[in-house]
Amino acid sequence: MTDFASTKALFHLPEGVIYLDGNSLGPLPRAAAARVQHRVQEEWGELLITGWNKAGWMAEPGVLGNRIGRLIGAEPGHVVLGDTLSIKVYQALAAALEMRPERRVILSDSGNFPSDLYMAEGLIKALGRGHELRVVAPQEVAGAITDEVAVTLLTEVDYRTGRLHDMAEITRRAQDAGALTIWDLAHSAGALPVDLVGCGADFAVGCTYKYLNGGPGAPAFIYVAPRHATCAAPALSGWLGHAAPFAFEAAYRPGEGIERMRVGTPPVLAMAALEAALDIWEGVDLTDIRAQSIALGEMFIAEVEVRCPMLTLASPRDPSARGSQVSFQFEHGYAAMQALIAQGVIGDFRAPDLMRFGFAPLYIDTEDVKEAARRLAHVMQNRLWGDPVYQARATVT
Ligand SMILES: Cc1ncc(COP(=O)(O)O)c(C=O)c1O
Ligand SMILES: Nc1ccccc1C(=O)C[C@H](N)C(=O)O
């Protein structure tokens, strides 16, 4: 059983703050600052360019990829880090479309994160081959998988409501219909057990700055199933995905397996912080995380529903149908969230009217949940959202 009291001690959390936004940006692992400093001073400073070999910088996207692979049920050697999640979505989608040249439909849902849909739109334009992005309601995805569909592009956990897709079932249906699947695990990796091998997923992508706590701008990851690894064509054919980058050949030849999904120079400083964050995950069992995250979410819903009748649950009530976040609908949700943040409880707001709260058992415990509900009740019962100071919208919400 994971000892969550000891994992909590491994994070820096500002005094008095209850942090329920690790689903957007995870908090700072205490060990990260020294790790980054070591990388800067001892490695960059002393080793200079020899650090690529001597400190293992060049191999790190695959080394850390493997550590993430364990958390998402991937085979060793089939996950690599780099770039941003939007870029990884583009790469996976381009490769999948190339593998189904006779089909024209990309199937997604209206709960998907906009960047995934925007990347699909951009790729369709660049290809100029008449592909269609078909966006249906989340509950209609399974029924919309027809033999026109080349690939499904879905985020397993809805960023707004936390609604969870049945990855195994949708993957099975898609493959029965001859389609490929891309799973965006942004809100899944580190939030709940993921079994890419068991589901037979074709491609998966995700970020490392949310539940994995890699820090702002931490690199994304991509998984390609071994059966596709030697035929998936890299659309972003950068030199570090080349079979022999340091041969400096004139023409591109894709690298072995997942290596071809690398593009350019890895973010060496950012990987140092991520490495420290992944150390925390070493002893953690995702089934413990899931059980505790459900317990925390259930407790929060119960406390809030008793204390705050103006808030309406916008997440699935059945905990097995949602990820690790809970959202409530409220007309003045933006201002109410700002007022709550002023009370030391950090969640976030998603337009048009959702107050969103993430539960990460590594550093959130039952006392935090009860206290967060108490402070939320204070905001709601005293109508603190009415203060104009809380209504001015910031650039990043
Ligand atoms: C589901 C999902 N996909 C894609 C993104 C975009 O990721 P990035 O900004 O790293 O490209 C995010 C979050 O920003 C997300 O939540
Ligand atoms: N990368 C960010 C940078 C700035 C502000 C938010 C983000 C997020 O990741 C938002 C997240 N994807 C969400 O589910 O809302």
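Data table
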{"read-out": "Projected label distance in nm at E148 and A243, using a 7 Å step from Cα toward the beta-carbon", "value": "3.9 nm"}
{"read-out": "Additional length obtainable on full extension of the chain from H228 to V306, 0.36 nm per residue less Cα span", "value": "23.0 nm"}
{"read-out": "Of all accessible heavy-atom area on the chain, the percent that carbon and sulfur account for (1.4 Å)", "value": "56 percent"}
{"read-out": "Förster radius 25 Å - calculated FRET efficiency between H378 and E298, Cβ distance, rounded to 0.05", "value": "0.70"}
{"read-out": "Y118-A392 FRET efficiency (beta carbon distance; Förster radius 22 Å; 0.05 resolution)", "value": "0.20"}
{"read-out": "Beta bridge orientation in segment 80-174: antiparallel %, DSSP, nearest 5", "value": "10 percent"}
{"read-out": "MRE, 222 nm, helices only [DSSP H, n ≥ 4, -39500 (n - 2.57), over the chain, to nearest 500]", "value": "-10500 deg cm²/dmol"}
{"read-out": "Pairs from K54/K210; K125/K210; K8/K370 whose Cα-Cα separation, in the structure shown, is over 24 Å", "value": "K54/K210; K125/K210"}
{"read-out": "Selection of trypsin sites (Lys or Arg not before Pro), segment 330-373, meeting DSSP coil and at most 11 other Cβ within 10 Å", "value": "none"}
{"read-out": "Heavy-atom SASA rank of M271, M299 (probe 1.4 Å, accessible area, largest first)", "value": "M299, M271"}
{"read-out": "Residue-normalised accessible area of segment 32-281, given per residue in Å² at a 1.4 Å probe", "value": "38 Å²"}
{"read-out": "Span-like helix ranges in the chain, DSSP H, alpha carbon extent 15 angstrom or more, Kyte mean at least 1.0", "value": "85-99, 268-281"}
{"read-out": "For G77, net neighbour charge (Lys/Arg +1, Asp/Glu -1) across residues whose Cβ lies under 11 Å away", "value": "-3"}
{"read-out": "Test item: Cα-centred dipole of the chain, Lys/Arg +1 and Asp/Glu -1 on Cβ, debye", "value": "520 debye"}
{"read-out": "Per residue accessible area of segment 285-390, 1.4 Å probe, in Å²", "value": "38 Å²"}
{"read-out": "Qualifying GluC sites (Glu not before Pro) for segment 299-354 [loop in DSSP, other Cβ within 10 Å: at most 15]", "value": "E331"}
{"read-out": "Rounded to the nearest 10 Å², the accessible area of V157 at probe 1.4 Å", "value": "0 Å²"}
{"read-out": "The chain: most fluctuating residue of L127, L185, L20 per GNM, C-alpha cutoff 10 Å", "value": "L127"}
{"read-out": "Environment charge of T7, counting only residues whose C-beta is closer than 12 Å and scoring Lys/Arg +1, Asp/Glu -1", "value": "-4"}
{"read-out": "Per DSSP, loop trypsin sites (Lys or Arg not before Pro) in segment 65-153 with at most 10 further Cβ within 10 Å", "value": "R129"}
{"read-out": "Antiparallel content of DSSP bridges confined to the chain, in %, to 5", "value": "55 percent"}
{"read-out": "Environment charge of Y159, counting only residues whose C-beta is closer than 13 Å and scoring Lys/Arg +1, Asp/Glu -1", "value": "-1"}
{"read-out": "Segment 310-397: radius of gyration over Cα atoms, expressed as a fraction of 2.2 N^0.38 Å", "value": "1.06"}
{"read-out": "Accessible area (Å², 1.4 Å probe, nearest 10) - T395", "value": "150 Å²"}
{"read-out": "For segment 140-187 versus segment 1-74, the gap between their alpha-carbon centres in whole angstrom", "value": "31 Å"}
{"read-out": "Distance (nanometres) between label positions extended 7 Å along Cα→Cβ at I49 and V17", "value": "4.0 nm"}
{"read-out": "Estimated inter-spin distance, L313 and V197, nm [label 7 Å along Cα→Cβ]", "value": "3.6 nm"}
{"read-out": "Calculated FRET efficiency for the pair E371/D279, C-beta based, R₀ 22 Å, to 0.05", "value": "0.20"}
{"read-out": "Within a Gaussian network of the chain (alpha carbon springs, distance under 10 Å), most fluctuating of E15, E282, E169", "value": "E15"}
{"read-out": "List Y159, Y209, ordered by accessible area with a 1.4 Å probe, largest first", "value": "Y209, Y159"}
{"read-out": "Space enclosed by the convex hull of the alpha-carbon atoms of segment 59-100, per residue, Å³", "value": "86 Å³"}
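The values are calculated or read from the model by the stated rules, or taken from the named source; none is laboratory data. Source: prediction; values computed, not measured. Using ideal geometry, Cβ is built from the backbone for each residue, glycine included, and neighbour counts are taken over all protein chains shown. For accessibility, only protein heavy atoms count, side chains too; no ligands or nucleic acids. Shrake-Rupley method; radii C 1.70, N 1.55, O 1.52, S 1.80 Å.
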